[in-house]
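The values are calculated or read from the model by the stated rules, or taken from the named source; none is laboratory data. Please read these numbers as outputs of a predicted model, since none were measured by experiment. When we count neighbours, we look across all protein chains shown, and the Cβ atoms used for this are built from the backbone with ideal geometry, even at glycine.
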Amino acid sequence: MNVTLITTDGNKKKVTIKSFDEARQLVCNYQYNSSAEIVVLMGGSFILFDEEGKLKNLEINKVATSIAHLNEAIYPSDYIVGDVLLVDDIDEFDYLPYE
């Protein structure tokens, strides 16, 4: 499935993922076995990011934070850190194998 990787420096790039674990590894540091967190946006899309990113002191992702604020998906004072995946098709994502 095709998703958009949004890096902390603001770059957006289409990437193909074949499993949930592959998606998680793109946004979570490989050295840690972190969980991924999802923020649901209007229209059925969502942002996938490292649940422990703030604890790891990852850099703020201004683009992802802006998208989440525009969709009223996070509190106005909250922010998203680290690289994220923007997923447009939640149904297709649900059918990805775990590994």
Looking only at region 20-56, which residues are free of Cβ contacts under 8 Å to residues at least 24 places away in the same chain and of a type in the set (S, T, N, Q)?
Q25, Q31, N33, S34, S35
Is it the case that region 66-74 has a residue that's modelled with pLDDT of 95 or more and touching a helix residue (DSSP H, G or I) at 6+ places or on another chain (Cβ under 7 Å)?
yes
Hey, I60 modelled with pLDDT of 95 or more, within 14 Å of T4 (Cβ to Cβ) and more than 11 Å from the chain's Cα centre (by Cα) or not
no
Before we move on, is E99 of a type outside the set (S, T, N, Q), over 18 Å from S35 (Cα atoms) and touching a helix residue (DSSP H, G or I) at 6+ places or on another chain (Cβ under 9 Å)?
no
